[in-house]
Amino acid sequence: MATKGKVVGIVSNLVTVAVDGPVAQNEICYITTGGDRLMSEVIKVIGKNAYAQVFESTRGMKVGDEVEFAGHLLEITLGPGMLSRNYDGLQNDLDKMESVFLKRGEYTFPLDKERLWHFKPIVKTGDVLSAGRWIGEVEENHQLLKIMIPFQFNGQCTVKEIVPAGEYTVLHPIATVTDSEGNDHEITMIQRWPVKKAVTCHKEKPRPFKLLETGVRPIDTVNPIVEGGTGFIPGAFGTGKTVLQHAIAKQAEADIVIMAACGERANEVVEIFAEYPHLTDPHTGRKLSERTIIIANTSNMPVAAREASVYTAMTIAEYYRAMGLRVLLMADSTSRWAQALREMSNRLEELPGPDAFPMDLSAIIANFYARAGYVYLEDGGAGSITFIGTVSPAGGNLKEPVTENTKKVARCFYALEQERADKKRYPAVNPIDSYSKYLEYDEFQEYIATHIAPDWIEKVYELKTRMLRGKEIAEQINILGDDSVPLDYHQTFWKSELIDFVILQQDAFDAIDAVTPMERQHYMLDLILNICRKDFQFGDFVEVAEFFRKAINICKQMNYSGFQGEEFEGYVKELKELVEK
């Protein structure tokens, strides 16, 4: 019998419920008020009182309203038909909503119940399988998706019956399996997964090692991220966090892209909805939206739903990873998620941590980032979730708690600098403060040595050293003046400027320069480092500046021209003549 209760206290979205039976932490309950049935989640239980956060506005709710507990955690529905969809944090299909704003108490089914899918079985009667094993496949938007044994199964189960290849809806039984106790279960194409509990349907989770090409030079060349890796992008307002995320989402070598807009301004989310249907996928030539799912919870939506949205996005990513696909998950912004956690913690009157964030904020962030990763599957092959989140520190303060706690767990740190953004040096990634810990991994070094170049890592460290030295000299020149520093100091500074303009800056509006393949990055890195290693002879600092300005201009034209074409070769010849002269 389901546990029931009554509302005895209301503080904004936090409701205190007196219960008449057992209640579990994070259990879902429904509060009936004014004809609406509002979904809520239990976040604390003390004695006979349960504290639930409501995913909707509590306006009009009163003491004495009836509460019914569902007996399960917050879950989402998974299956064919999610690609190209726009959901909110509770997986309501935003495209099915009749108005601009969500109606309170209105929940939609996230999949199309009527659409027919061509199911093809890949197992046969009598096969013994475990949770997460594939039993068939369907095709959606040119992507081959697997249908799996539900993760709730414990131990082995035997396929008793499976339908032949044909057209079926997501609710049609496609197989019957017998569990270890002899009970029969019908399986459809739909699964229900909890969002706050990681579902592990894989055999092994090794340390990630394969380079994830994004086409963004400050990332791929200087601070690379790997398939199954984690990274975050902190930066003040206007430094380009969202634009950089969108560039990565469009260009990265991923099978599925999931965009989680958590607490973002409505105009930014609308921009995503308006632009994505028209963007062309550079890898397939089709529409980028065909392999994209958007989870949107804007800043004017209830705080509890905002907190749930990042978990919903991660669970959808885990579902596709279990199919052996490469998933790229982008969250913008995790600061708004942390602020939602802070708001709920404050309402519960918990002991506050730094800046009033929860005391366990570090553990919450670490547990969430740990759900990303590269896995080997029971059915063979591998899948991955690469997670990149943005952080919006107040006033650009990178010492605030969310940035500091994220820094402990994310392997890549892409610090966006206000000064670079003010100078229009985009992407405004600070090459000195930013880092990638994957450069230190033996597995990654072996991969790079085999697939890119044996000395690639050494070149990257040389580039970083030259940038650091150039910054130090720039500060001396600003203090002492041009005439008060040695000529070789000017040469070192301008070499760092050459690296900055040619390697670190990228034009997102140029069709060629917006995306740079690794082959081209390798060529340009060698070209620039060869110039930087030369010791030129100049008469004064004016000659130094003039020479490097010409070199920078030629190299920028190379970035805008087709790689190794007639135009490109012409610029190479021009640069060679300039250097030799």
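The values are calculated or read from the model by the stated rules, or taken from the named source; none is laboratory data. Note that the structure is a prediction, hence the values are computed from the model and not measured. Counting neighbours? That spans all protein chains shown, and the Cβs are built from the backbone with ideal geometry, glycine included. Heads up: the accessible areas ignore ligands, DNA and RNA and are worked out on the full protein's heavy atoms, side chains in. Shrake-Rupley method; radii C 1.70, N 1.55, O 1.52, S 1.80 Å.
The table below gives the values:
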{"quantity": "At 1.002 mPa s and 20 °C, Stokes D of segment 44-131 from Kirkwood alpha-carbon radius, µm² per second", "calculated": "123 µm²/s"}
{"quantity": "Portion, in percent, of the accessible area of segment 187-297 that falls on carbon or sulfur, probe 1.4 Å", "calculated": "54 percent"}
{"quantity": "0 to 90° range, to nearest 10: angle between helix 518-532 axis and the chain longest Cα axis", "calculated": "30 degrees"}
{"quantity": "Segment 422-453 and segment 250-328: distance between their alpha carbon centers, rounded to Å", "calculated": "25 Å"}
{"quantity": "Rg/Rg_ref, segment 246-384, where Rg_ref = 2.2 N^0.38 Å and atoms are Cα", "calculated": "1.16"}
{"quantity": "Kirkwood hydrodynamic radius (C-alpha pairs) into Stokes-Einstein, segment 124-194, 25 °C and 0.890 mPa s, D in µm²/s", "calculated": "195 µm²/s"}
{"quantity": "Principal-axis tilt of helix 334-347 within the chain, Cα atoms, nearest 10 degrees", "calculated": "40 degrees"}
{"quantity": "For segment 444-514, alpha-carbon Rg over 2.2 N^0.38 Å", "calculated": "1.44"}
{"quantity": "Euclidean distance between Cα centres, segment 60-94 to segment 339-372, Å", "calculated": "23 Å"}
{"quantity": "Inter-probe distance in nm under a simple model that places probes 7 Å from Cα toward Cβ, at LYS120 and ALA449", "calculated": "4.1 nm"}
{"quantity": "Whole-number percent relative contact order across segment 72-176, with pairs defined as alpha carbons under 8 Å at least 6 apart", "calculated": "26 percent"}
{"quantity": "Segment 3-88 - percent of accessible surface contributed by carbon and sulfur, probe 1.4 Å", "calculated": "51 percent"}
{"quantity": "Isotropically averaged projected area of segment 403-559, using the convex hull of Cα atoms (one quarter of hull area), nm²", "calculated": "10.7 nm²"}
{"quantity": "Theoretical FRET efficiency, 1/(1+(r/R0)^6), r = Cβ-Cβ of LYS437 and ASP20, R0 51 Å, to 0.05", "calculated": "0.50"}
{"quantity": "Nearest 10 degrees, 0 to 90: helix 303-321 Cα axis against the chain principal axis", "calculated": "80 degrees"}
{"quantity": "Environment charge of THR242, counting only residues whose C-beta is closer than 11 Å and scoring Lys/Arg +1, Asp/Glu -1", "calculated": "-2"}
{"quantity": "Gap separating the Cα centres of segment 103-141 and segment 530-555, nearest whole Å", "calculated": "61 Å"}
{"quantity": "Tail beyond 22 Å, pair distance distribution of segment 1-94 (Cα, percent)", "calculated": "30 percent"}
{"quantity": "Debye intensity ratio in log₁₀ form over the Cα atoms of segment 334-397, taken at each q of 0.16, 0.19, 0.29 Å⁻¹", "calculated": "-0.65, -0.80, -1.26"}
{"quantity": "Residues LEU480 and ASN553, FRET efficiency given R0 of 25 Å [Cβ-Cβ distance, rounded to 0.05]", "calculated": "0.35"}
{"quantity": "Antiparallel bridge percentage (DSSP; both residues within the chain; nearest 5)", "calculated": "70 percent"}
{"quantity": "For ALA428, net neighbour charge (Lys/Arg +1, Asp/Glu -1) across residues whose Cβ lies under 13 Å away", "calculated": "0"}
{"quantity": "Long-range Cα-Cα pairs in segment 330-369 (distance over 17 Å), rounded percent", "calculated": "24 percent"}
{"quantity": "Computed log₁₀ I(q)/I(0) - Debye formula, equal Cα scatterers, no solvent, segment 1-44, q 0.18, 0.19, 0.21, 0.23 Å⁻¹", "calculated": "-0.51, -0.58, -0.71, -0.86"}
{"quantity": "Distance in nm between pseudo-label sites at ALA70 and ARG265 (7 Å out along the Cβ direction from Cα)", "calculated": "3.4 nm"}
{"quantity": "Inter-probe distance in nm under a simple model that places probes 7 Å from Cα toward Cβ, at GLU472 and ALA274", "calculated": "4.8 nm"}
{"quantity": "Net length gained if the chain between PHE509 and GLU349 were fully extended (0.36 nm per residue, minus Cα distance)", "calculated": "52.7 nm"}
{"quantity": "Rg to Rh, two decimals, where segment 261-302 supplies the alpha carbon set and Rh follows Kirkwood", "calculated": "1.08"}
{"quantity": "Net charge contributed by nearby residues that have their C-beta within less than 14 Å of GLN564 (K/R +1, D/E -1)", "calculated": "-3"}
{"quantity": "Rounded percent of accessible protein surface that carbon and sulfur make up, segment 359-512, 1.4 Å probe", "calculated": "51 percent"}
{"quantity": "Along each principal axis, Cα extent of the chain, largest first, Å", "calculated": "90, 55, 42"}
{"quantity": "Distribution of pairwise C-alpha distances over segment 178-221, 10 Å bins, in %", "calculated": "16, 22, 29, 20, 9, 4"}
{"quantity": "Dimensionless Rg ratio for segment 384-467, taking C-alpha atoms and the 2.2 N^0.38 Å reference", "calculated": "1.26"}
{"quantity": "Segment 320-440 - Debye-derived log10 I(q)/I(0), Cα point model, q = 0.11, 0.13, 0.16, 0.21 Å⁻¹", "calculated": "-0.48, -0.65, -0.89, -1.20"}
{"quantity": "The chain, accessible area per residue, ligands and nucleic acids excluded (1.4 Å, Å²)", "calculated": "43 Å²"}
